[in-house]
1. Could we say that residue 163 is within 24 Å of residue 19 (Cβ to Cβ) and more than 17 Å from the chain's Cα centre (by Cα) here?
2. Please determine, by comparing only the residues of the stretch 186-196 that are within 21 Å of the chain's Cα centre (by Cα) and not in a strand (DSSP E or B), which one is nearest to residue 13 (Cα to Cα).
3. Are there strands (runs of 3 or more DSSP E) fully within the stretch 1-77 with at least 1 residues that are free of Cβ contacts under 8 Å to residues at least 40 places away in the same chain, of a type in the set (A, V, I, L, M) and surrounded by 15 or more Cβ atoms within 10 Å (Cβ to Cβ)? List them.
4. Go through the stretch 80-93 and give me each residue that's surrounded by fewer than 17 Cβ atoms within 10 Å (Cβ to Cβ) and not β-branched (Val, Ile, Thr).
5. Where residues in the stretch 123-136 are among the hydrophobic types (A, V, I, L, M, F, W, C) and surrounded by 13 or more Cβ atoms within 10 Å (Cβ to Cβ), which of them is nearest to residue 15 (Cα to Cα)?
6. Please work out if residue 143 is more than 15 Å from residue 19 (Cβ to Cβ) and either at pLDDT 95 or above or assigned by TED's automatic domain parsing to the domain that holds residue 18 (or both).
7. Of everything in the stretch 94-117, what is part of a loop (DSSP other than H, G, I, E, B) and loosely packed, with under 12 Cβ neighbours inside 10 Å? Give them in sequence order.
8. Just checking, how many residues over the stretch 143-185 are farther than 25 Å from residue 13 by Cβ, surrounded by fewer than 18 Cβ atoms within 10 Å (Cβ to Cβ) and either acidic (Asp, Glu) or in contact with a Phe, Trp or Tyr (Cβ under 8 Å, 6 or more places away or on another chain) (or both)?
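The values are calculated or read from the model by the stated rules, or taken from the named source; none is laboratory data. Values in this document were obtained by computation on a predicted structure and should not be read as measured data. All Cβ positions, even for glycine, are placed from backbone atoms using ideal geometry, and neighbour counts span all protein chains on display.
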Amino acid sequence: MSLAVRADFLPAEADRAWRVGAEFALALADAAEDGAGLLIGGLALKWPNDLVLRNEEGGVTTGFRKVGGVLMEGTDLGTPDATLIIGIGLNVRGDPSRLDPALAATATSLELASGRPVDREAIFDDAVARLGGRLAALRSGRFDVAGWRSRQLLEGWEVELDLGAEGLLTGRVAGYDGASGALILSVDGTERAIHAGEVTRVVRAVTP
C-alpha cells in the first residue's frame, strides 16, 4: 500500500521527514505481530528500511529473513507544500520458496512464520489505526525514539555496508541516531554516522 502524508503532519525540518517512515514501520510491525500471532519483538527493523523476522535458536538471534519494507518519496520537504508518499510492502501469504529457491533462506511471509492463516485486511486496519496515533504524536513533536531503537536488529553486529559510489565499508554497528536516523558504525575504533547505504552482508551476529 502507499499513503500520502500532507505537510501539516510532517516535521517542519526536512531532515527529520524520515521519522514519518519510521513510525509507519513501527505501526506495521506491531499490527503484523498481533495479526499473525507472533511473539512481541519477533519482527525487527533492519536499517534503513527492511522489516525482518528474527531467526532464533535457544533464545539467541542468529539471523533474519525479510518480510517487508518501507520506502519514502518526498517533494518540497520543509515547506508548506511538502508531500511525503510512504510505500509499504508486506509478505503476508506469499511462499518465497515457490518463486526462487534462493529466496527461502532470505525471505519469508507471515503465514509461513506463524503456520496459520493471516487476515490481510485486519492487519491493514490495525496498522492504519496505530499510525493515526503515531502521526498525531509526531505532529506534536514527539517521536518514539525508544521504540524505534528497540526494534533495530543489528546493534553490536559486524556488517558490510554498500555506500554506493563510496564502495563497501565493514564495521560494528554501535547504535542509531534518533535525530538523523543515521546508523552509527564503528570502524577500527572510530565511529561514523552513516546516513544512506545498504547492509549487504552480516559478518558476525552478536546477541546483546
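1. It is true that residue 163 is within 24 Å of residue 19 (Cβ to Cβ) and more than 17 Å from the chain's Cα centre (by Cα).
2. 195
3. Values: elements: 2-6, 43-46, 50-57, 60-75.
Those strands (runs of 3 or more DSSP E) span 50-57.
4. Result: 80, 81, 87, 89, 93.
5. Out of the qualifying residues, it is 135.
6. Values: more than 15 Å from residue 19 (Cβ to Cβ): no; either at pLDDT 95 or above or assigned by TED's automatic domain parsing to the domain that holds residue 18 (or both): yes.
So residue 143 fails the test.
7. Here is the first cut: in the stretch 94-117, the residues part of a loop (DSSP other than H, G, I, E, B) are 94-95, 99-100, 106, 108-109, 115-117.
Answer for the stretch 94-117, where residues must be part of a loop (DSSP other than H, G, I, E, B) and loosely packed, with under 12 Cβ neighbours inside 10 Å: 99, 100, 115, 116, 117.
8. Residues flagged as farther than 25 Å from residue 13 by Cβ, surrounded by fewer than 18 Cβ atoms within 10 Å (Cβ to Cβ) and either acidic (Asp, Glu) or in contact with a Phe, Trp or Tyr (Cβ under 8 Å, 6 or more places away or on another chain) (or both) within the stretch 143-185 amount to 5.
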